[in-house]
Amino acid sequence: MCFARYVLELASLDQGFGPNRKDLLRSLRLALDHMSVAARTDDMDALVPATTVFHEVLVDVSGPGVGLKDLWSMAQQPDGAR
């Protein structure tokens, strides 16, 4: 699943950063900051959602209509949720 997520995120980034590059970088930095705080305080309840947000931001780069976000969301579902 990690490899599938990697492929989808790379494909998303291959689409380009688009006109909102500064917003993208700000969102990635904020997610990294949240991940860092959660890791330093050993707060797994905060780390997991912060990590998910970081990866969602990467996939959102592809924009609407590409379908990468849908594929990524399916890959994130637990086995029983499909």
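Read-outs: derived from the displayed coordinates by stated rules, not from any lab. Bear in mind the structure is a predicted one, so any value in this text is a computation, not a measurement. Neighbour counts are summed over all protein chains in view; Cβ atoms, including those assigned to glycine, are modelled from backbone coordinates with ideal geometry.
Other residues lying with their Cβ under 14 Å from the Cβ of Leu47 contribute a combined charge of -3, Lys and Arg counting +1, Asp and Glu -1.
Taking a Cβ cut-off of under 12 Å around Asp33, the surrounding Lys, Arg, Asp and Glu residues balance to a net charge of +3, with basic ones at +1 and acidic ones at -1. Across the range 29-36, rounded Karplus estimates of 3J(HN,Hα) from the backbone phi angles (6.51 cos²θ - 1.76 cosθ + 1.60, θ = phi - 60°) give 4, 4, 5, 5, 4, 5, 4, 5 Hz, Gly and Pro being marked x. Here each label is just a point 7 Å from Cα along the line to Cβ, and for Val7 and Arg21 those points are 2.9 nm apart.
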